[in-house]
Amino acid sequence: MAAGPGGGGTLRTLAEDGTPAAPARAVPDLVAAIAEQERAAAPRWVWPSTARLYPRLLDAGVRVARCHDLELVESLLLGHAGRYGEPRSVRAAWARLRGEPVPPDRPPPHDEPAQPSLFDDDTTRDDPADDIGQVVAVHAEQQRAIATLDGFPLLAAAESVGALVAAELSHDGLPWSAEEHDALLTELLGPRPTGGLRPRHLQELADQISAAFDRPPAPTRRHSTDELRSAPRVHVNPDSPAQILKAFAAAGLPIPSTRAHVLKRLDHPAVPLLLEYKELSRLRTAHGWAWLDTWVSGGRFRPEYVVGGVVSGGWATSGGGALQIPRVLRRAVVADPGWSLVVADAAQLEPRVLATLAGDRAFTDAAAHGDLYAALSDAFHDGGDHSARDKAKIALLSAMYGGGTGEAVQLLGVLKKRFPDAFEYVEAAARAGERGGLVRSRLGRTCPPPSAGWRELTAAGDGDAPDPTAAQALRSRGRFTRNFVVQATAADWALALLGSLRRRLTALGSPRLVFFQHDEVIVHTPAALAGDVTAAVHAAADEARRLLFGDTPVVFPMEVAVVDRYADAK
């Protein structure tokens, strides 16, 4: 499919291998043509960019079941070839095919100017309309490349369906009560201020912080007590790190920064006030009244998702911060009357992914249980500040994320002895990273290569006495690749879950996916269908497990809660 000017475009039927199966045909109304074809055959649509095209279809009331997103798949293929970050547009891919200079990518959809009609490129832009010949040629080349790579057909399909889900999440929106949100802000901060002033409670905290630092000197021969009482009071702006550092230094407590973990080490009456101020100020800045005015309308929060925005395959947002909704704000996520929220998240997802990847029999047997950490706890013993279950968790997280200090060193030793294959799997990924190599997820998602600066630094560090900076760079790269193989495979699994769940919800009719982050989904559903949605979640998780890992005994349980508001789910 290629979009053209005036709301029209060109359609062409393709075979599974990407070769044309019928002549191209121009249509005057591309939306109507897509809707008609979707009803008749529900094909897999091949188009340049879901993020650019699908929102306009959704606004016109048209949803599609499947697609192949050329830009996302091109990015995956470039990454697999170690060419991460090269332009991924159809025009760029077409130029590479022809050995021509590669044009830069166009701006993301949210940076583009408003367009006068559906699929109609702004005539003031230099970008031409999509070219059907380029679309067909690039798709055929992608199909050829995908067929040679294990796991890639599923990865391309999962990434593409993820793009459909992302657009639908933004279009449908997460149910959000502006009244609850405003009441919460008023409760925590005070009434909404005007004229750029601080909310009342923040101002009270600011005054208390200044008072906590106000320690006038003892009377001297030069100053009478009355003179000291009338001296100017100390004023510390809690929004100014420089003033806070200066105030602590004056109090005999010099510190390197105003980070929370640094402040917590101090014994000073201003510390609890500053910590509370920082937390509430962060809430006001990130999710205060301005955020509410910008991102919530018509009872829905509609953020902008970026599929594959994180190198390991996770999503990012280009507006709204949907992936960082503070726990305190979850009470504003409220189902419509007669509807429910089905909130589901995967329990201990990444350790279970490691169990399947490593093929460690003892570890796999443990991962066949509901609580993986509890199942592993017999390898450890209660004692100190941690239970055996907590120690199992620390050891696993240290293995996956590269921890190696304090108690974690001993716990890693236990893990290595008890589950050698699991330990060796992530160690091998770390060694590959330290050599400057690439590592991949189960389906073939590939980590970025190291930078030229990294290679220069680490090459210069060779010898009997390596440069400490080079050694640190090597360790950092190793931690990254150690984590990548697990985290990227977890992202593969989550996309497979989304695709399966979306298909099952479509069959149910009215339930809608309204939220996704990492390993958690929320479905907004008529209350009468909550049980069916719960069953769909469990079935989708099991299907994702089989698609990625085949006949593994490792289970991927979903913890599900049916609630009226998000805050009640956990």
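Restricting region 37-51 to residues that are touching a residue at least 60 places away in the same chain (Cβ under 8 Å) and either assigned to a loop (DSSP other than H, G, I, E, B) or touching a Pro at 6+ places or on another chain (Cβ under 6 Å) (or both) leaves a set whose member that is surrounded by the fewest Cβ atoms within 10 Å (Cβ to Cβ) is S49. Tell me yes or no: at least one residue of region 258-274 is within 21 Å of T186 (Cα to Cα) and among the polar types (S, T, N, Q). No, that holds for no residue. Across region 413-425, the qualifying residues are those that are part of a helix (DSSP H, G or I) and surrounded by 19 or more Cβ atoms within 10 Å (Cβ to Cβ), and the one among them that is modelled with the lowest pLDDT is L415.
Filter region 59-90 for residues that are crowded, with 18+ Cβ neighbours inside 10 Å and small (G, A, S); which is farthest from L155 (Cα to Cα)? Looking at residues that are crowded, with 18+ Cβ neighbours inside 10 Å and small (G, A, S), I get S89. Going through (1) at pLDDT 95 or above; (2) in a loop (DSSP other than H, G, I, E, B) one by one, S160 falls short only on (2). Taken as a whole, region 516-536 holds no residue that is in contact with a Ser or Thr (Cβ under 8 Å, 6 or more places away or on another chain), at pLDDT 95 or above and under 19 Å from E159 (Cα atoms).
Scan region 336-354 for residues that are modelled with pLDDT under 90 and aliphatic (A, V, I, L, M) and the total you get is 1. Looking only at residues of region 280-308 that are farther than 20 Å from L513 by Cα and not hydrophobic (A, V, I, L, M, F, W, C), we find that the one that is surrounded by the most Cβ atoms within 10 Å (Cβ to Cβ) is H287. Answer with yes or no whether S398 is under 27 Å from the mean Cα position of the chain (by Cα) and modelled with pLDDT of 70 or more. In short, yes. Per this entry, V485 is counted among residues that are part of a helix (DSSP H, G or I) and crowded, with 21+ Cβ neighbours inside 10 Å.
The values are calculated or read from the model by the stated rules, or taken from the named source; none is laboratory data. For clarity, every value in this text was computed on a predicted model and none was experimentally measured. Please note: Cβ atoms are built from the backbone with ideal geometry, for glycine as well, and neighbour counts cover all protein chains shown.
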